[in-house]
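The structure appears right after this line, and notes come after that.
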Amino acid sequence: MACLRDEPRGSLSNMLSRRLSITEEEQKQEDAEQPKQPNTLFVQFPFEKVFPVYAMGFLSSDFDPLLSFPYSRADPIWDAVRQEAKLEAEKEPILSSFLYASILSHTCLEQALGFVLANRLQNPTLLATQLMDIFSNVMMHDKDIQCSIRLDVQAFKDRDPACLSYNSALLYLKGYHALQSYRVAHSLWKQGRKVLAFALQSRISEVFGIDIHPGMFIFFLCFILFTAYKHLIVEVSKRTKVAFCTSARIGDGILLDHGTGVVIGETSVIGSRVSLMHGVTLGGTGKEIGDRHPKVGEGALIGACVNILGNIKVGEGAMIAAGSLVLKEVPPHRCKNLFFKLL
């Protein structure tokens, strides 16, 4: 697959300017539909008013402007990355060789990212040249990953106040690096190359301090045998009204802020535009097998050092305060109270 060309066609910031906002009428209607629970630990939360930076990630679910990128002639993200690299090289000549090798010598974002990840994850027995071939081959042939790496870098720039530019995420932020390395490892897992996927997971955990299972959410009910025929799974789902997932999924536009200590279990599911702070654990209780990890809805914010355990749902647009232990479902668009633990 050819690289995305460098022809500019519109600003990405303009493409991503439309945000989902809950109007007062919708808020009143939602409150009227839901029964009042005065003793609940959850409160209706004005998410986009109190946390405007993180609320920027809560886009309309039917608006994904970058989904057309693999088929488009323009790549505004890559244009911005190259322009930033040129300006940074002029300001800091000592970094000019680094910026040229990492960005300016490449023809597309996939190649540049593959170079950066390969050099971060290399060791004496797993050479950078080998890793770069693996990363580039996967990213250049996977349109979903091509969209995801752009939505993710936009999420970092929009929602991480410490991220000053696209280059900051691409070159320096380990949360972004770990997330894109996971996407490659997961692609390898789906191809049946599980040994290589686990090897990458081990290096990602060792280098970045972030542990994401490469095959997360690959499971079936215990009485259903595995089959490679996807049409059979679709037919079974239609007749039994049971949804099956044949591959892992972490959504697009994800922010792993700092990223240190993040652990995401095998059967976890993370929706698009989710923000996770450092120390977050999406784990099991130790009492279940199979589908045993949390499911996080779109646009949720998971605070620092939060532990969410078991096969439970965190609703769309929910916010969980730092240090919380969550063992029960969190309703959509609710805030986990700062002063209680949900037991």
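Among residues of the range 250-271 that are on the phi > 0 side of the Ramachandran plot, those with a beta-carbon under 6 Å from a residue that is among the polar types (S, T, N, Q) and open to solvent by less than 20 Å² (accessible area, probe 1.4 Å) at least six positions away or on a different chain give the pairs G253/S272. When the range 93-135 is filtered for residues that are free of Cβ contacts under 8 Å to residues at least 40 places away in the same chain, outside any helix (DSSP H, G or I) and either touching a strand residue (DSSP E or B) at 6+ places or on another chain (Cβ under 8 Å) or open to solvent by 40 Å² or more (accessible area, probe 1.4 Å) (or both), the ones remaining, listed by number, are S105, Q122, P124, T125, L127. Looking across the range 307-317 at every residue that is touching a residue at least 24 places away in the same chain (Cβ under 8 Å) and open to solvent by less than 10 Å² (accessible area, probe 1.4 Å), the one that is farthest from G284 (Cα to Cα) is identified as G317. All conditions in (1) among the basic types (K, R); (2) free of Cβ contacts under 8 Å to residues at least 24 places away in the same chain; (3) more than 26 Å from E298 (Cα to Cα) hold for R82, with the sole exception of (2). Screening D75, D62 for residues that are acidic (D, E), modelled with pLDDT under 95 and open to solvent by 50 Å² or more (accessible area, probe 1.4 Å) leaves exactly one candidate, D62. Just the residues that are part of a loop (DSSP other than H, G, I, E, B), surrounded by 19 or more Cβ atoms within 10 Å (Cβ to Cβ) and without any contact (Cβ under 8 Å) to a residue 40 or more places away in the chain, please, taken from the range 280-299. Hits for the range 280-299 are V280, G284, R292, P294, G297. For the range 322-329, the criterion of being among the acidic types (D, E) and in contact (Cβ under 8 Å) with a residue 24 or more places away in the chain is met by none of the residues.
Those residues that are out of contact with any Gly (no Cβ under 8 Å at 6 or more places or on another chain), of a type outside the set (A, V, I, L, M, F, W, C) and over 17 Å from A112 (Cβ atoms), I need them from the range 165-189; list them, please. Answer for the range 165-189, where residues must be out of contact with any Gly (no Cβ under 8 Å at 6 or more places or on another chain), of a type outside the set (A, V, I, L, M, F, W, C) and over 17 Å from A112 (Cβ atoms): Y182, S187.
Residue count for the range 168-216 under the criterion of being outside any helix (DSSP H, G or I) and either in contact with a Ser or Thr (Cβ under 6 Å, 6 or more places away or on another chain) or free of Cβ contacts under 8 Å to residues at least 12 places away in the same chain (or both): the result is 6. Can A304 be described as under 18 Å from T260 (Cα atoms), hydrophobic (A, V, I, L, M, F, W, C) and out of contact with any strand residue (DSSP E or B) (no Cβ under 7 Å at 6 or more places or on another chain)? In short, yes.
The values are calculated or read from the model by the stated rules, or taken from the named source; none is laboratory data. As the structure is a computational prediction, the values presented were derived from the model and not from experiment. Backbone-built Cβ (ideal geometry, glycine too); neighbour counts: all protein chains shown. These area figures cover heavy atoms from the full protein model, side chains too; ligands, DNA and RNA do not enter into them. Shrake-Rupley method; radii C 1.70, N 1.55, O 1.52, S 1.80 Å.
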